[in-house]
Structure formats: C-alpha cells, structure tokens
Amino acid sequence: MKLEIVAIEKKIAQFLDRIVESDSAPVIGAYERKVEELERSKLVMLEKTARCGTSAKGYDETFRTAFEFLANPWKLWGTGNFEDKRIVQKLVLASHLEYDWNEGVRTPELSLPFRMLGTVLDREKVMADRVGFEPTVSFHPRRFSRPLQSTTLPPVRADPAHSQMRGGRKRVS
C-alpha cells in the first residue's frame, strides 16, 4: 500500500507540472479534477495503512453493540444528529419510505431483525383461548334448562298447485 501511495504522489506531481505548463482553462480544470480524485484515493490508502496493524473488534463487543442498538434505537435517534437519524432509518427500514398523495406516508416494511423481534414480542400479546373460561356475559340459569330443539328439517309438503302439473302441462278435468 505504501508503494501505491508513492505512485499516486508521482501522478499528482506530474499533473501539477502539466497544470503549470498549460494555458487552456478547460484543460487546467480537467487536470485539477484529476488531482482532486488522486488526492482522495491517496487519503483512502493512508487510512487503510493506518488501520492495517490494528486488530478487528472481538465478537462479544460487536454483538453487544448490535444488541444495544436493537434494544433501543431511539437512543441513537435522540442524539439529534442528522447522520445518526439516517443510519437508524436505514437499519430499521427495509426500503425507503413511500408516500401516496391521497393517503400520506405508507406503512414501511421493517428490516429483518426488527421483524423477528416483532414476532417474538407478538407471541406475548396473543389472546387466551376461551375454552375452559367462564362466559363473559352472565346468563340466567333458566336459560340453560330448556330442552334443545331439533335441528332436523320438517318433511317437504307438496304444493297443491304444483301437483296438478305433469310434464309442463296442466291437467284438464
């Protein structure tokens, strides 16, 4: 990486020499943009070399940081920093917020960790089964002492007007 940094510095020096020798304003502007791009890549390489000797954070520390955020995303949102709010929005939502002109902001889709936490927390809010519980409305005791009515249908009675028809014609007497 140090060799790449040296190569980038040589390119920057070459472009600066060309800028000094050039008389055309568009050419000078193009060289200046190229120098800026090379400076940015040089800074990236310097950062990488600075972090090269350091070790990555341990699993426990990374795990703890992630779960602290999942436990309370409002803590990071409440800092008031715009960048922190954007990070929270990207971590909590699976996609961008959608807006409908008639209905307003649509319900967003949550990212996978928050959907999983939602299903875990929803299990605690499930309604109890009514089987085995006392009725919620008090009934009078006589109401249950009546005999049950039959659920079978009464026999079908023939209509006298229909019994005279055979084959679609009326009988003539």
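Is one or more of the residues making up region 114-123 out of contact with any Gly (no Cβ under 7 Å at 6 or more places or on another chain), surrounded by fewer than 10 Cβ atoms within 10 Å (Cβ to Cβ), assigned to a helix (DSSP H, G or I) and among the basic types (Lys, Arg)? Give the derivation first.
Step one: filter region 114-123 for residues out of contact with any Gly (no Cβ under 7 Å at 6 or more places or on another chain), giving 114-123.
Right, trim to surrounded by fewer than 10 Cβ atoms within 10 Å (Cβ to Cβ) and you get 119-123.
Now narrow it down to the ones that are assigned to a helix (DSSP H, G or I): 119-123.
Filter once more, keeping what is among the basic types (Lys, Arg): 123.
Scanning region 114-123 turns up at least one residue that is out of contact with any Gly (no Cβ under 7 Å at 6 or more places or on another chain), surrounded by fewer than 10 Cβ atoms within 10 Å (Cβ to Cβ), assigned to a helix (DSSP H, G or I) and among the basic types (Lys, Arg).
Considering each residue of region 97-113, count those that are farther than 19 Å from LEU70 by Cα and surrounded by 10 or more Cβ atoms within 10 Å (Cβ to Cβ), and give that number.
3
Which one of the conditions (1) over 37 Å from the mean Cα position of the chain (by Cα); (2) of a type in the set (D, E, K, R); (3) not in a helix (DSSP H, G or I) does LYS34 fail to meet, given that it meets all the rest?
Here LYS34 clears every test but (3).
Select, from VAL20, VAL35, VAL44, VAL27, the only residue that is of a type in the set (Val, Ile, Thr) and modelled with pLDDT of 90 or more.
VAL35
With the condition kept exactly as written, say whether any residue in region 108-116 is of a type outside the set (S, T, N, Q) and either in contact with a strand residue (DSSP E or B) (Cβ under 6 Å, 6 or more places away or on another chain) or touching a residue at least 60 places away in the same chain (Cβ under 8 Å) (or both).
Scanning region 108-116, I find at least one residue that is of a type outside the set (S, T, N, Q) and either in contact with a strand residue (DSSP E or B) (Cβ under 6 Å, 6 or more places away or on another chain) or touching a residue at least 60 places away in the same chain (Cβ under 8 Å) (or both), so the answer is yes.
So for region 60-75 (the condition being outside any helix (DSSP H, G or I), at pLDDT below 85 and under 30 Å from LEU110 (Cα atoms)), does at least one residue qualify?
The answer is yes, given that some residue of region 60-75 is outside any helix (DSSP H, G or I), at pLDDT below 85 and under 30 Å from LEU110 (Cα atoms).
In region 86-96, how many are surrounded by 13 or more Cβ atoms within 10 Å (Cβ to Cβ) and part of a helix (DSSP H, G or I)?
Summing the residues that are surrounded by 13 or more Cβ atoms within 10 Å (Cβ to Cβ) and part of a helix (DSSP H, G or I) in region 86-96 gives 5.
Can you tell me how many residues in region 8-24 are of a type in the set (Asp, Glu), over 12 Å from VAL35 (Cβ atoms) and under 49 Å from the mean Cα position of the chain (by Cα)? Quick ask: steps written out before the conclusion?
Pass one, region 8-24, residues of a type in the set (Asp, Glu): 9, 17, 21, 23.
Okay, now just the ones that are also over 12 Å from VAL35 (Cβ atoms), so 21, 23.
Narrowing further to those that are under 49 Å from the mean Cα position of the chain (by Cα): none.
Qualifying residue count, region 8-24: 0.
The values are calculated or read from the model by the stated rules, or taken from the named source; none is laboratory data. Computed from a predicted model, the values in this text were never measured in an experiment. Glycine also receives a Cβ, built like all others from the backbone with ideal geometry; neighbour counts cover every protein chain displayed.
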